[in-house]
Structures are given as structure tokens and as C-alpha cells.
Amino acid sequence: EAQVTQNPRYLITVTGKKLTVTCSQNMNHEYMSWYRQDPGLGLRQIYYSMNVEVTDKGDVPEGYKVSRKEKRNFPLILESPSPNQTSLYFCASRTGGNTDTQYFGPGTRLTVL
Amino acid sequence: AQSVTQLGSHVSVSEGALVLLRCNYSSSVPPYLFWYVQYPNQGLQLLLKYTSAATLVKGINGFEAEFKKSETSFHLTKPSAHMSDAAEYFCAVSWTGRRALTFGSGTRLQVQP
């Protein structure tokens, strides 16, 4: 089954404790991205990757890092989380064209205390 | 700057009534337009997309949307609401040269019995 998986689905942590949210897709997609969803703001892109070892900032990259060492995986790293990073995070992937459908993971709800 | 606006953060309809969710975009270049649906505790799923072919686009679950360039709109409609349509709906826009989707703030649809 074609899918995007994220782990963990729920995470509660404390300020400053480094964490990683994993994302994996089994569709051989080139393009992957991370979004955060906040009430009243819709989804905003954090980072994206066009292929292995190619990443770039989205609209709200501050406080986040990513890496793309393998085509299928695109982890999101918060080196020193802060309460304003409490949010719902989605990983997404697509083949590459602007008109292609993006496939979203189930989401990770992060709470930073 | 390119943007997308969804009018109405909450819409409530009766079962069997017409569903109309509004989306207006601002873009200086021809846009690609998408509607996504998010069911509770799930990721986003593509309903339909406009990619410069037919202006009336049919999607899944009986939804359709019409691209109106003169009104810069891409409203989502369904003739008869079902209880299962209760969800949050996001309009999104992309265009050639921009990798990310720009999302509206979302409209939560309630369907009353």
C-alpha cells in the first residue's frame, strides 16, 4: 500500500530536549516536505527536499533542521524545542511536478512544555 | 504576493443540503489549485485539482469545483451533503516555479442531521 508514515504520532517533551520526528514514504517520490498546522493558519511549509542531499527552507524554517540521506526518509529535527513549536506536523511527498498530488502522512502532534 | 483565502472558518449545513466552500486566490501567474480534506485525526487527502485543463473539475465523493479566472475563485461544491462529509477542507495554490503548496486557513464543515 502506498503511504507516508510518521513516528511518533504523539509526543510531549520539555523545552530544550532534542527530538526527531521520522518520515518515510514507499512511493519512490523525489519531493518531500514538512508542514506544520496551527489553528487559523492552515498548513505552512517548514522545509522541503527535491532529492537525496538536496534540501531547502520553506516559509517557517526557524528552529528546525532536516536531512535527506535516503530517498525514502526525511526526518525533522528540533535541536532545542520551544513552546512555540507546539503544533501538528505533517510530512508529505510527491513525484516532483507542481501539479502532482501530494500524499500526506497521518500527522505528529507535538507538545513542548 | 501569492495567497489563498478561505471565507468562513466554519460552515454548517443540513444533511441533503448544498455544500459551498469558498476559496479565492491572489496570483500574478497562472495558478494550480487544489482542495484537500482532513478527517479527524488523519492527514490530508486530495479531493480534486485544477491544472489548466477543464475549468470544472470533478473530484472524489461527489465534490466538484469551478475555476473562475475573472473572479479569482475556486469554490468547492457538493449538491447534497452527507454526514460523512463532516471534516476540515483546505484550499491550496501552487504555480510554476514554486515548489510548495500555499494553503488557506481551512473551513470546518459540520453536517446536521
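Quick notes
- Anchor B:Lys49: aspartates and glutamates whose Cα lies under 20 Å away (excluding residues fewer than 8 positions away in-chain): A:Asp100, B:Glu64, B:Glu66, B:Glu71, B:Asp85, B:Glu88
- The range B:17-113 - Debye-derived log10 I(q)/I(0), Cα point model, q = 0.16, 0.25 Å⁻¹: -0.63, -1.45
- Inter-label distance for A:Thr86 and A:Val14, nm, one decimal - labels placed 7 Å from Cα along Cα-to-Cβ: 1.6
- Listed by chain and number, the lysines placed with their C-alpha closer than 23 angstrom to that of A:Lys18 are A:Lys57, A:Lys65, A:Lys69; residues fewer than eight positions away on the same chain are left out.
- Max mean-square fluctuation residue, GNM over chain A, Cα-Cα springs under 10 Å, options A:Asp38, A:Asp56, A:Asp100: A:Asp100
- Residues B:His10 and B:Thr55, FRET efficiency given R0 of 30 Å [Cβ-Cβ distance, rounded to 0.05]: 0.60
- Counting DSSP beta bridges with both ends in the protein assembly as shown, the antiparallel % (nearest 5): 90
- Most fluctuating residue given options B:Ser26, B:Ser94, B:Ser70, as computed from a GNM of chain B linking Cα atoms under 10 Å: B:Ser70
- Compactness index (Cα Rg / 2.2 N^0.38 Å), the protein assembly as shown: 1.02
- Here the Gaussian network model covers chain B, with springs between Cα atoms less than 10 Å apart; of B:Leu56, B:Leu33, B:Leu21, B:Leu56 fluctuates the most.
- Computed over the range B:1-49, the alpha-carbon pair-distance distribution with 5 angstrom bins reads 5, 14, 19, 26, 21, 10, 4, 1, each value a whole percent.
- Exposure proxy for A:Ile46, A:Ile12, A:Ile77: other Cβ atoms within 10 Å of each Cβ, ordered fewest to most, give A:Ile12, A:Ile77, A:Ile46.
- Debye intensity ratio I(q)/I(0), log10, the range A:14-109, q values 0.11 Å⁻¹ (C-alpha model): -0.29
- Share of pairwise Cα separations in the range A:1-57, more than 12 Å, in percent: 76
The numbers here are math on the coordinates, done by the rules we state, and not lab data. Just so it is clear, the structure is predicted and the values come from calculations on it, not from any experiment. Cβ atoms come from the backbone with ideal geometry, glycine included; neighbour counts cover every protein chain shown.
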